[in-house]
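> One structure coming up, written as structure tokens, with questions to follow.
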Amino acid sequence: MEAVSYRRTPYLIAFQEERVRKDVYGSIDNTVILQSQLLRGDGPSDTVIIAMHPIGAPAYLPIFPQLARMGHHIIACASRYSNGDAALEMENVVLDLAACVRDARERLGYKNIVMMGWSGGGSLMAGYQAEAENPVIQTTAAGEETPLAGKELIAGDALILVASHRSRHMLLTGQIDASITDESQPECRNPSLNLYDPANPAQPPYSLAFLETYRAAQIARNRRISAWARDKLTKLKASGREHAEFCFTVHGTMADPRWIDPTVDPNQRRPNWTYLGDPRIVNDSAVALGRFSSLRGWLSQWSYDDAQFDSVVAGPRIAVPSMVITAAADDACPPEHTDAMFNALGSADKQALVIDRANHYFSGSLGKGQLSEVGNALSTWLGDRGYSNDAVRRTLHSR
């Protein structure tokens with residue numbers, strides 16, 4: 001039988017960062033505080049798996065406790081933006097991840113670092129690893145200075161992407177409601193592009209012509225918002241308000257044709273459903289992706305042309321052993337993203353794995369068996385590369 005016990009130790013990572021403008025609530029002076037948890041399976045280990053998500057706290061996602069039960073050591077660390085992503089800049093999240101990796105190596109003493117990204121953590125981990133191996137970023141997406149430029153990052157020894165999309169900006173662009181053509185009047189929508197208007201003559205299964213028109217309109221809308229954000233920021237600076245911000249709402253951000261037409265980028269997902277529920281409801285709800293933003297936050301996270309962290313773009317700069325795991329019934333991350341990420345990886349040692357009928361969270365009636373499948377596959381893959389310990393090997397041999 002597999003090991004069932006593990007220890008969960010909460011701790012804080014603190015580092016100093018001098019900034020004129022704060023973008024999170026509750027920080028003390030120039031100190032950035034990250035809430036982290038160390039999940040330790042039985043026995044010592046010189047290898048740790050590090051997980052972080054741009055906004056979500058990954059410590060209680062099913063996959064990480066599962067790996068800990070099998071004997072792995074996991075650090076699940078939240079970024080500074082764990083309470084909301086309206087002002088999130090991905091460049092800052094990479095700095096948070098850098099602090100976590102350094103703490104794991106220098107204070108906790110782990111020799112081997114495995115970077116593991118789930119969902120939105122995938123582009124974060126891939127972007128970090130690419131910058132650690134071959135840095136290219138010189139400014140933020142808004143063209144401002146960032147401590148990330150010239151910073152020496154500790155590279156991971158391996159990279160694992162699980163149920164991940166390629167980037168926040170490509171995900172949102174594929175979901176944004178193309179029927180909104182005027183951001184000041186989001187309730188007025190082009191009926192020929194409104195997926196949720198029963199009077200729209202374009203109905204599933206969608207024609208290739210309609211999909212091409214719709215996708216082009218999605219990109220055009222993203223670019224209109226981005227151009228407005230850049231212009232607004234330029235005008236604020238020109239008025240002498242160099243550090244000023246402007247917050248805004250983006251309506252209609254959950255309207256991807258694949259959710260209501262299962263023939264679009266097909267997999268085993270449930271039709272007319274998303275990871276946040278009914279897309280017709282979520283499209284205009286407060287919880288939807290990218291709903292609330294700031295100028296710099298939009299450019300860094302969501303802008304089709306300005307955002308800098310994308311697993312496909314980062315992939316060729318990554319040489320460490322890499323594994324990409326796809327949940328076959330994922331209703332959050334598009335299959336086309338997974339394929340593109342795997343193909344882009346520059347590693348000579350890379351492996352792909354598909355978990356049949358698994359949803360985005362590996363939950364539900366099949367979840368336990370799917371988590372065991374993922375855990376076994378990852379343990380074997382890591383062990384073959386020398387990133388395992390006796391407790392993990394005993395768990396595998398007991399099956």
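> Looking at the stretch 306-357 only, could you name the residues that are of a type in the set (A, V, I, L, M, F, W, C), over 21 Å from Gln175 (Cβ atoms) and touching a helix residue (DSSP H, G or I) at 6+ places or on another chain (Cβ under 8 Å)?
Answer for the stretch 306-357, where residues must be of a type in the set (A, V, I, L, M, F, W, C), over 21 Å from Gln175 (Cβ atoms) and touching a helix residue (DSSP H, G or I) at 6+ places or on another chain (Cβ under 8 Å): Ala314, Ile318, Ala319, Val320, Met323, Val324, Ile325, Ala344, Leu345, Ala352, Leu353, Ile355.
> A further question on this structure: Whether any residue in the stretch 355-366 is more than 23 Å from Ser123 (Cβ to Cβ), of a type in the set (A, V, I, L, M), assigned by TED's automatic domain parsing to the domain that holds Met115 and surrounded by 16 or more Cβ atoms within 10 Å (Cβ to Cβ) is what I want to check.
Yes, the stretch 355-366 contains at least one residue that is more than 23 Å from Ser123 (Cβ to Cβ), of a type in the set (A, V, I, L, M), assigned by TED's automatic domain parsing to the domain that holds Met115 and surrounded by 16 or more Cβ atoms within 10 Å (Cβ to Cβ).
> Would you tally the residues in the stretch 253-272 being farther than 19 Å from Asn194 by Cα and not basic (Lys, Arg)?
Residues meeting the conditions: 4.
> Quick check: is even one residue across the stretch 79-88 under 24 Å from Pro321 (Cα atoms) and in the same structural domain as Val162 (by TED's automatic domain parsing)? Explain how you work it out, then say what you get.
Narrowing the stretch 79-88 to residues under 24 Å from Pro321 (Cα atoms): none.
Scanning the stretch 79-88 turns up no residue that is under 24 Å from Pro321 (Cα atoms) and in the same structural domain as Val162 (by TED's automatic domain parsing).
> Write out, first by first residue and then by second, each pair whose Cβ atoms fall under 6 Å of each other, whose residues are 6+ apart or on separate chains, and whose first residue, in the stretch 209-226, is without any contact (Cβ under 8 Å) to a residue 40 or more places away in the chain and part of a helix (DSSP H, G or I) while the second is surrounded by 15 or more Cβ atoms within 10 Å (Cβ to Cβ) and not small (Gly, Ala, Ser).
Matching pairs, first to second residue: Ala217/Leu193.
> State whether one or more residues within the stretch 156-164 are at pLDDT 95 or above, at positive phi and either under 20 Å from the mean Cα position of the chain (by Cα) or not in a loop (DSSP other than H, G, I, E, B) (or both).
Among the residues of the stretch 156-164, at least one is at pLDDT 95 or above, at positive phi and either under 20 Å from the mean Cα position of the chain (by Cα) or not in a loop (DSSP other than H, G, I, E, B) (or both), which makes the answer yes.
> Only residues that are closer than 27 Å to Leu295 by Cα, among the small types (Gly, Ala, Ser) and surrounded by fewer than 16 Cβ atoms within 10 Å (Cβ to Cβ): list them for the stretch 81-112, please.
Gly84
> What number of residues within the stretch 376-395 are at pLDDT 85 or above, crowded, with 17+ Cβ neighbours inside 10 Å and in a helix (DSSP H, G or I)?
Result for the stretch 376-395: 5.
> Return only the number of the condition from (1) within 23 Å of the chain's Cα centre (by Cα); (2) of a type in the set (Ser, Thr, Tyr); (3) under 27 Å from Tyr387 (Cβ atoms) that Tyr81 does not satisfy.
Of the numbered conditions (1) within 23 Å of the chain's Cα centre (by Cα); (2) of a type in the set (Ser, Thr, Tyr); (3) under 27 Å from Tyr387 (Cβ atoms), the odd one out for Tyr81 is (3).
> Just one of (1) in contact with an Asp or Glu (Cβ under 6 Å, 6 or more places away or on another chain); (2) within 19 Å of Asp177 (Cα to Cα); (3) surrounded by fewer than 24 Cβ atoms within 10 Å (Cβ to Cβ) trips up Ala255, so point out which.
(3)
> A follow-up question, please. Just to verify a result, which residue in the stretch 243-252, among those that are in contact (Cβ under 8 Å) with a residue 40 or more places away in the chain and either at positive phi or not β-branched (Val, Ile, Thr) (or both), is surrounded by the most Cβ atoms within 10 Å (Cβ to Cβ)?
Applying the first criterion (in contact (Cβ under 8 Å) with a residue 40 or more places away in the chain) to the stretch 243-252 yields 243, 245-252.
Next cut, either at positive phi or not β-branched (Val, Ile, Thr) (or both) only: 243, 245-248, 251-252.
Numbers: His243: 11, Glu245: 16, Phe246: 15, Cys247: 12, Phe248: 16, His251: 16, Gly252: 22.
Here the residue is Gly252.
> Could you please let me know if Arg258 is within 24 Å of the chain's Cα centre (by Cα), outside any loop (DSSP other than H, G, I, E, B) and either closer than 24 Å to Ala358 by Cα or without any contact (Cβ under 8 Å) to a residue 40 or more places away in the chain (or both)?
The answer is yes for Arg258.
> Select from the stretch 273-324 the residues that are under 20 Å from Arg258 (Cβ atoms) and β-branched (Val, Ile, Thr) and write down the one among them that is modelled with the lowest pLDDT.
Looking at the filtered set, the residue picked out is Val287.
> Pick from Ala348, Ala286, Ala307: which is without any contact (Cβ under 8 Å) to a residue 24 or more places away in the chain and in a loop (DSSP other than H, G, I, E, B)?
It is Ala286.
The values are calculated or read from the model by the stated rules, or taken from the named source; none is laboratory data. Not measured: the values here are computed from a predicted model. Every residue, glycine as well, gets a Cβ built from its backbone with ideal geometry; the counts of neighbours run over all protein chains shown.
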